[in-house]
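**Student:** This is the structure I want to talk about, given as structure tokens.
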Amino acid sequence: MAEKVLMKGNEAIAEAAIRAGCRHFFGYPITPQTEVSAYMAKKMPKIGGVFLQAESEIAAANMVLGAASAGVRTMTSSSSPGISLKQEAISYIIGSDLPCVILNIQRGGPGLGGIQPSQADYFQATRSPDHGDAHMLVFAPASVQEMVTLVTDAFDLADKYRMPAMILGDGALGQMMEPVVFEDKEITPPEKPWATNGHENKRAHNIVNSLYIQPDELERIVKERFEKYEEIKKNETRVENFMTDDADVIVVAYGIAARVAKSAVRNARAAGIKAGLIRPITLWPFPAEAIKEKADKVKAFLTVELSMGQMVEDVKLAAEFKAPVEFFGRTGGMVPTTDEVFNEIVRLNGGNK
Amino acid sequence: MATVFKKPHALTDKPLHYCPGCTHGIVHRLVAEVLDEMGIEGETIGVAPVGCSVFAYDYFNCDVIQAPHGRAPAVATGVKRARPDRFVFTYQGDGDLAAIGTNETVHVGTRGENITVIFINNAIYGMTGGQMAPTTLPGQVTQTSPYGRNVATQGYPIRVCEMLATLDGVAYAERVAIDGVPGIMNAKKAIRKAFETQKAGKGLSFVEVLSTCPTNWGMTPKDAIKWLKENMESYYPLGCYKDKE
Ligand SMILES: Cc1ncc(C[n+]2csc(CCOP(=O)(O)OP(=O)(O)O)c2C)c(N)n1
Ligand code: SF4
């Protein structure tokens, strides 16, 4: 039976991962995501799972690489500076076609930055999760409930496409308490005949590897991966359209920024402005079609982010210069207010309420 | 006809790419013989490093993962925690294990991770063409210590066995050398013992194998063995540094 509980975002993610069949978690403490590790440390030993606090994020991510190679559902979590350290392993994980889930509860940067919520790792997640030609699935939940749902989907899709999936949250979502429902879902991870888990003299040896010394072979492998990416773009792109049918001004925002934007859109509607919201739920693949469809119908798009403007580039590419794309954001851990976004909507509507 | 010599089953038929006279091939064979003798090839997962032995995944017949440079112990940890019933070993050079991967090396030791680490100490970075390694001897000439390793500016070599032996989680640590037939026999014994230690679930088992890199040392294979005996063995004394009951 589904149960409804009040939970902190970070703890809800951890619980959702366990319910999705994750029994191998490798972490390293960093604010504002430490509760994920703490929850895992408490729960895993009681259910026969593994919680391991690694010596660094580098090691934690490489442990995930190892566990994923052995065929189990595995996960690591961190916040921005720690994700930078995980990028090496992420690259090998992508290059070796391994499934896993990585959680980034973003904080302000660059450098040590700050510990308040941020969305400034958008480029890192969607453009260059690593060196080399590569992508990972990137999910952007906007509520504790959605974090729970997306963690399950992240494990499923990571397994399905044999690639890492990132949950890109932020400090606000990680720390907020909200009611969540955990659906009782049958967990059936696919068979993993490619896993390096000991051949028991029953099959040829398996190899998990990202090295292809012949350039034509490496090109072929990368191209095959990009064919898979095209399939993913077709099948797995997710977006929420809110009051966009007749909208003159469409706000594009994800995660915590989308919550602020939604309130601003409601206020704008109350003030007689036809405002709407496009909320990408997957950041890679990016829901470009949803934006393109509206590009010749709106006066303007307004991208709202907790950064100096990163997703705005994807919105511009999707709008194909058919509509102006403006940006409003706060950074360093500052969160835009509903009024600030509302005022931007009013301005883009031509100044009339 | 009686078979007097054959390739261990745990080695594939792939021709080794190692330079003539390189000791990597010998150590591969010793590991494979131990997997054969213990009958554990099918239950073993190897982790290959970045270095000359990066292609070890093509040579060992057990399942193999190729790890990022220095991270083999962390990768092996992930495998072992997922499959504690399996044998897991890493095979790493000195740049991989004692420079970029020192942190991962120390911490598999502190955790007493129940895996086996085979450490090839050839006092140089082989694959990248002969640069100074953390294990390069004082005064040794390499591409990046062209005037000889100067300890005042380039520091001292690291004795990994001695360092790891101080850690409570390390169950077995021994240094052997590929310096002749008795040395090879001894190395095999140590590798066997390391896998037996893992079988007994005692914690980290570690075998440091003093090895040669004739190509980058600029010596014939024979002179390289002589140089190993005369120079490396005094700085890196052979022997067992830890053997937990
Ligand atoms: C992150 C990273 N840094 C540097 C390299 C380049 N590199 C490849 S092999 C190697 C050194 C290997 O030397 P060692 O571990 O001593 O092994 P050997 O080749 O002597 O067997 C280096 C630095 C790399 N592949 N990855
Ligand atoms: S470069 Fe050195 S370590 Fe590498 S294969 Fe040749 S002899 Fe062996």
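The values are calculated or read from the model by the stated rules, or taken from the named source; none is laboratory data. Every value quoted in this text rests on a predicted model; they were computed, and no experiment measured them. Ideal geometry is used to build each Cβ from the backbone, glycine not excepted, and the neighbour counts take in all protein chains shown. Areas reflect the complete protein model, heavy atoms only, side chains present, ligands, DNA and RNA absent. Shrake-Rupley method; radii C 1.70, N 1.55, O 1.52, S 1.80 Å.
**Student:** Report, by residue number, each residue of the stretch B:99-136 that is closer than 20 Å to B:Y156 by Cα and open to solvent by less than 10 Å² (accessible area, probe 1.4 Å).
**Tutor:** Answer for the stretch B:99-136, where residues must be closer than 20 Å to B:Y156 by Cα and open to solvent by less than 10 Å² (accessible area, probe 1.4 Å): B:G101, B:T105, B:F119, B:I120, B:N121, B:A123, B:I124, B:G130, B:A133, B:T135, B:T136.
**Student:** Can A:L6 be described as touching a residue at least 40 places away in the same chain (Cβ under 8 Å) and open to solvent by 20 Å² or more (accessible area, probe 1.4 Å)?
**Tutor:** It is true that A:L6 is touching a residue at least 40 places away in the same chain (Cβ under 8 Å) and open to solvent by 20 Å² or more (accessible area, probe 1.4 Å).
**Student:** What number goes with the only condition from (1) within 14 Å of chain A (Cβ to nearest Cβ); (2) within 16 Å of ligand 1 (Cβ to nearest atom) that B:G169 does not pass?
**Tutor:** B:G169 satisfies every listed condition except (2).
**Student:** So, B:F119, is that one under 21 Å from B:R192 (Cα atoms) and away from ligand 2 (no atom under 14 Å from the Cβ) or not?
**Tutor:** no
**Student:** Among the listed residues A:Q145, A:Q175, identify the single one that is over 21 Å from A:C22 (Cα atoms) and open to solvent by 30 Å² or more (accessible area, probe 1.4 Å).
**Tutor:** Only one candidate qualifies: A:Q175.
**Student:** Pick from B:H69, B:H17, B:H24, B:H28: which is within 16 Å of ligand 2 (Cβ to nearest atom) and surrounded by 23 or more Cβ atoms within 10 Å (Cβ to Cβ)?
**Tutor:** B:H24
**Student:** I'd like the residue in the stretch A:39-70 that is over 19 Å from A:N104 (Cα atoms) and more than 7 Å from chain B (Cβ to nearest Cβ) and, out of all such residues, is least open to solvent (accessible area, probe 1.4 Å).
**Tutor:** Looking at residues that are over 19 Å from A:N104 (Cα atoms) and more than 7 Å from chain B (Cβ to nearest Cβ), I get A:M44.
**Student:** Is at least one residue of the stretch A:96-106 more than 13 Å from the chain's Cα centre (by Cα), buried (at least 24 other Cβ atoms within 10 Å of the Cβ) and away from chain B (no Cβ under 14 Å)?
**Tutor:** no
**Student:** Hey, among the residues in the stretch B:79-107 that are β-branched (V, I, T) and away from ligand 1 (no atom under 13 Å from the Cβ), which one's nearest to the other protein chains (Cβ to nearest Cβ)?
**Tutor:** The qualifying residue nearest to the other protein chains (Cβ to nearest Cβ) is B:V79.
**Student:** Across the stretch B:1-28, what is the total count of residues that are over 18 Å from B:A224 (Cβ atoms) and in contact with a strand residue (DSSP E or B) (Cβ under 8 Å, 6 or more places away or on another chain)?
**Tutor:** Final tally of qualifying residues: 3.
**Student:** I would also like to ask the following. When B:H9 is evaluated against the numbered criteria (1) more than 8 Å from chain A (Cβ to nearest Cβ); (2) open to solvent by less than 20 Å² (accessible area, probe 1.4 Å); (3) more than 16 Å from ligand 2 (Cβ to nearest atom), which criterion, by number, is the only one it fails?
**Tutor:** Here B:H9 meets the rest and fails (2).
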